[in-house]
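Heads up: the structure comes next, in structure tokens.
The values are calculated or read from the model by the stated rules, or taken from the named source; none is laboratory data. In this text, all values refer to a predicted model and were calculated from it rather than measured experimentally. Quick reminder, even Gly has a Cβ in these numbers, built from the backbone with ideal geometry, and neighbours come from all protein chains shown.
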């Protein structure tokens, strides 16, 4: 029923882990988004995370902050976002996860937003400022319509991890390091320990994806080796999109994606 | 409302935060609940409030101003006389002391007008800690005197260049720092905003204002008919109102109407905003149809914020507190009137409350009394006012 769940099952059968690639919709424009998605699909990404910009992205580092600002300035509205998603859906049935902040959904109404998103072709949501304590209405609106991916952190207690795992569907998003997206700290021992711990606690009931600060094939390799079911790469893609001219964008995205995906084959 | 259940004031408040901050917020609440009624903690805080910050502050009968207006009597709660020049020190001493008990080594804060930054730097210096402060780039220019003060006090000031380059963006950046350094760092928030327990904790530390007003009015055998305070995030206002919330006094919070509520160039969140989620809380916000936070304007940097404390949102909806607004022009007039009649230079933030008090006093009876919280002094603002007057040819 869930495209994301099916994808993880399919990968397991093929003895692979998942590469989840993030891009900010409308950065730097609609055309680049469509092209980048083509590149991601051809390069072998398993799931695509589409960012919808928010004016105050507190969990994001400067790369995604800047992309949000540019996208908003270019006029990325919710209706525009959904129309882009529909265009993407005509080309691919890859699972699409929408990442944005709580206020965007709250303001429109959780039910209304989620049903419109679903109609456009969105399969799940990631809201980095949505804590489980405040999630009742959101969960109710998403139930049966979209997956709700919650985040955990290396400092999340075991009892809390279990509570969060219970309301998460699709996958569980482990924030690799203390910091915002795009942070450069290198691979930490505490992250590797956290991956093992979460895997043990969740007993394979839900896949565990690791994100924040992952930018190279080597990063991917190490996190997969530590037991992650998926890795999420975001800011590195935005940097690539920013510096690549439109006519070379698809091929550049393909080759970068291939280099990351290779590390998820066991 | 004494202590909000689940961190909610009615439907407002809560904790909408990245998961990384959850353990820090839980640790904070646990320690706050442990220390808030602890005798030693209270004694230590009272000591600093008294001999370091200069409490209690006087309640001054503004005779000249009241007589000039010919109506109700205006009393000024002189928070401007506190060390540092604003009510902010009530909260920073409380939180810095708490941070010390929690054995936190590093303190970060955001600041708008710079008053909270200065008060944080002072409290930290007094308690032997180091502070680092985020301040919107625009605010570092228009409140540069306070940047110098923080610098002198040994506090690092980081200008923030993102978004509207004001208080909202300084808070974003402080939260990002906190996420990154969560294990070592205490975030000393300056207003009654943010995720639970900040709104209630800041309110409690600021309630010393209302508690003193209560006993000072009693001493002169009066009960306030009206209480007036300015509202940005709303910490001096909630500190003024909360201890008297069960009384019959009329309460008015005054927001920044900037160039007018219709101009879009204002910061009047409660007067013109809609419900939403920002900075960890559900509250009224200034936002567009899509839920994007809009840029605000006010002549006073301290009120230039698109959100407001969740308890104010609650009292707006329950109608216990009225929320009015004052335009930049009215504020400058009030600033000059108080300066000239009483020889008191108010902060532009506080001048919003004065502007409202002028209106209320004119309509009031001589037997009535109005208490206005003069949240800060205006030395920091004289240049801004001078520039304003130059731009708007006045007497």
(request) Name every residue in region B:240-286 that is crowded, with 24+ Cβ neighbours inside 10 Å, more than 14 Å from chain A (Cβ to nearest Cβ) and over 16 Å from residue B:303 (Cα atoms), in order of residue number. (result) B:240, B:241
(request) Give the residues of region B:295-324 that are modelled with pLDDT of 95 or more and within 11 Å of chain A (Cβ to nearest Cβ), sorted by residue number. (result) B:306, B:307
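Which of the following residues is within 17 Å of the chain's Cα centre (by Cα) and within 20 Å of residue B:282 (Cα to Cα): A:129, A:147, A:123, A:93?
Going through A:129, A:147, A:123, A:93 in turn, the sole match is A:129.
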(request) Determine which member of the set B:207, B:235, B:226, B:191 is surrounded by fewer than 21 Cβ atoms within 10 Å (Cβ to Cβ) and either away from chain A (no Cβ under 13 Å) or modelled with pLDDT of 95 or more (or both). (result) B:207
(request) Return yes when residue A:152 is within 11 Å of another protein chain (Cβ to nearest Cβ), under 19 Å from the mean Cα position of the chain (by Cα), surrounded by 20 or more Cβ atoms within 10 Å (Cβ to Cβ) and touching a residue at least 12 places away in the same chain (Cβ under 8 Å) and no when it is not. (result) yes
(message) Just the residues that are in contact with a strand residue (DSSP E or B) (Cβ under 6 Å, 6 or more places away or on another chain) and assigned to a helix (DSSP H, G or I), please, taken from region B:336-351.
(response) B:338, B:349, B:350
(message) Exactly one of these conditions fails for residue A:103: (1) more than 10 Å from chain B (Cβ to nearest Cβ); (2) within 20 Å of residue B:275 (Cβ to Cβ). Give me its number.
(response) (1)
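Please verify whether residue B:360 is over 21 Å from the mean Cα position of the chain (by Cα) and within 30 Å of residue B:9 (Cα to Cα), treating the condition exactly as stated.
Judged against the criteria, residue B:360 is a match.
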(request) Just give me the residues in region A:40-49 being outside any loop (DSSP other than H, G, I, E, B) and surrounded by fewer than 24 Cβ atoms within 10 Å (Cβ to Cβ), in sequence order. (result) A:41, A:42, A:43, A:48
(request) Name, by its number, the condition in (1) surrounded by 18 or more Cβ atoms within 10 Å (Cβ to Cβ); (2) not in a strand (DSSP E or B) that does not hold for residue A:23. (result) (2)
(request) From (1) modelled with pLDDT of 95 or more; (2) part of a helix (DSSP H, G or I); (3) touching a helix residue (DSSP H, G or I) at 6+ places or on another chain (Cβ under 7 Å), pick out the condition that doesn't hold for residue B:283. (result) (2)
(message) Looking at the structure I just gave you, is residue B:233 in the same structural domain as residue B:309 (by the TED database), under 25 Å from residue B:31 (Cα atoms), in contact (Cβ under 8 Å) with a residue 12 or more places away in the chain and outside any helix (DSSP H, G or I)?
(response) yes
(request) With the checklist (1) surrounded by fewer than 20 Cβ atoms within 10 Å (Cβ to Cβ); (2) under 30 Å from residue B:344 (Cα atoms); (3) outside the structural domain of residue B:124 (by the TED database) in hand, flag the one item residue B:46 doesn't pass. (result) (3)
(message) Is it the case, given these coordinates, that residue A:222 is within 14 Å of another protein chain (Cβ to nearest Cβ) and surrounded by fewer than 23 Cβ atoms within 10 Å (Cβ to Cβ)?
(response) no
(message) Condition first: more than 22 Å from residue B:294 (Cβ to Cβ) and at the interface with another protein chain (Cβ under 7 Å from one of its Cβ atoms). Now tell me which residues in region B:159-180 satisfy that.
(response) B:179, B:180
(request) Quick one: in region A:53-65, of everything that is in a helix (DSSP H, G or I) and buried (at least 18 other Cβ atoms within 10 Å of the Cβ), which residue is nearest to the chain's Cα centre (by Cα)? (result) A:64
(message) Looking at region A:166-187 only, could you name the residues that are more than 12 Å from every other protein chain (Cβ to nearest Cβ) and more than 18 Å from the chain's Cα centre (by Cα)?
(response) A:166, A:186, A:187
(request) Identify the residue in region B:27-42 that is within 24 Å of the chain's Cα centre (by Cα) and outside any loop (DSSP other than H, G, I, E, B) and, among all such residues, is nearest to the other protein chains (Cβ to nearest Cβ). (result) B:29
(message) On the basis of being surrounded by 15 or more Cβ atoms within 10 Å (Cβ to Cβ), within 14 Å of chain B (Cβ to nearest Cβ) and farther than 20 Å from residue A:22 by Cβ, does residue A:132 make the cut?
(response) yes
(request) Go through region B:54-118 and tell me which strands (runs of 3 or more DSSP E), entirely inside it, have 3 or more residues that are within 22 Å of residue B:339 (Cβ to Cβ). (result) B:59-61, B:73-78
(request) Kindly indicate the residue of region A:237-266 that is surrounded by 14 or more Cβ atoms within 10 Å (Cβ to Cβ) and without any contact (Cβ under 8 Å) to a residue 40 or more places away in the chain and also farthest from residue A:67 (Cα to Cα) among those meeting that condition. (result) A:244
(message) If I go through region B:8-22 residue by residue, how many of them are more than 7 Å from every other protein chain (Cβ to nearest Cβ), under 11 Å from residue B:195 (Cα atoms) and surrounded by fewer than 24 Cβ atoms within 10 Å (Cβ to Cβ)?
(response) 1
(message) With the requirement that a residue be in a loop (DSSP other than H, G, I, E, B) and surrounded by fewer than 23 Cβ atoms within 10 Å (Cβ to Cβ), what does region B:352-379 give you?
(response) B:364, B:365, B:366, B:367, B:368
